[in-house]
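**Student:** Structure below; questions to follow.
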Amino acid sequence: PPAAPPPAPPPAAPKPAADAAPKPAASSSSSSSGNNADAITIKVQFTAPAKEVYECFTVPQRVMAYTQSKCEMSTTPGSKISLFDGSITGECVSATANEKLVWLWRQSAWPEGKMSTVTITFEQSGSGSTEVVLKQTGVPSQDVHGNSNMREVVEQGWKRNVFDRIKMVFGYGNPQFS
């Protein structure tokens, strides 16, 4: 019998505009809480001031630029949030301009009523770059389809679909995870 064809390559990540000025490389690191199976912690450096990076999470036009999809974003506590055409939904718990966001957050494939808590902090250094620390707790171990790697799926989603895309679209450093 003929050999099976090789698996298809993963889809290519969006490329930064050819005319975008190169930025210095940004370092980033990631670590996940080893003894808390439902928690994720990711640290990322951006070559931009905290205000600009914070707006990538709070201003709908900026969010839509890197997600290439509809969103609802607000910094008003109790307001609804939605990303990736409703694949991610939740609510703003609190927001401190340019410093911290706290959201209730869920993926549409999670068990009904399951919410996680996302806390994102923005720390600007003297050089004008910003460290973002994302902590997410309450990630279910599996989704409604039986996939049992939800923590990994969620962590990779943040890294590739949010952090790297912000860097590529706005020129805030080199992608680290894609």
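**Student:** Report yes if some residue within region 148-164 is outside any helix (DSSP H, G or I), within 16 Å of CYS56 (Cβ to Cβ) and modelled with pLDDT under 95; otherwise report no.
**Tutor:** no
**Student:** Can you pull out the residues in region 38-81 that are among the small types (Gly, Ala, Ser) and within 21 Å of LYS167 (Cα to Cα)?
**Tutor:** ALA48, ALA50, ALA65, SER69
**Student:** Cβ-Cβ under 8 Å, sequence separation 6+ or interchain: first residue in region 73-89 and in contact (Cβ under 8 Å) with a residue 60 or more places away in the chain, partner of a type outside the set (D, E, K, R) and surrounded by fewer than 17 Cβ atoms within 10 Å (Cβ to Cβ). Which pairs?
**Tutor:** PHE84/SER69
**Student:** May I ask you to list the residues in region 81-109 that are among the aromatic types (Phe, Trp, Tyr) and open to solvent by less than 20 Å² (accessible area, probe 1.4 Å)?
**Tutor:** Of everything in region 81-109, those that are among the aromatic types (Phe, Trp, Tyr) and open to solvent by less than 20 Å² (accessible area, probe 1.4 Å) turn out to be TRP103, TRP105.
**Student:** Scan SER178, SER141 and give me the residue that is open to solvent by 50 Å² or more (accessible area, probe 1.4 Å), touching a residue at least 60 places away in the same chain (Cβ under 8 Å) and in contact with a Lys or Arg (Cβ under 7 Å, 6 or more places away or on another chain).
**Tutor:** Within the list SER178, SER141, the selection yields SER178.
**Student:** Okay, moving on. Which ones in region 110-127 are open to solvent by less than 20 Å² (accessible area, probe 1.4 Å) and either more than 13 Å from the chain's Cα centre (by Cα) or without any contact (Cβ under 8 Å) to a residue 12 or more places away in the chain (or both)?
**Tutor:** Within region 110-127, TRP110, SER116, PHE122 meet the criteria.
**Student:** Test ALA95 against the stated conditions and say whether it is over 13 Å from the mean Cα position of the chain (by Cα), small (Gly, Ala, Ser) and closer than 19 Å to LYS159 by Cα. Let's see the steps before the verdict.
**Tutor:** Working: over 13 Å from the mean Cα position of the chain (by Cα): yes; small (Gly, Ala, Ser): yes; closer than 19 Å to LYS159 by Cα: no.
When the stated conditions are applied, ALA95 does not pass them.
The values are calculated or read from the model by the stated rules, or taken from the named source; none is laboratory data. Being a predicted model, the structure only gives us computed values, none of them experimental. In this analysis, Cβ positions are derived from the backbone assuming ideal geometry, glycine residues included, and neighbour counts consider all displayed protein chains. When the accessible area is computed, the model is the full protein with side chains, heavy atoms only, and any ligands, DNA or RNA have been set aside. Shrake-Rupley method; radii C 1.70, N 1.55, O 1.52, S 1.80 Å.
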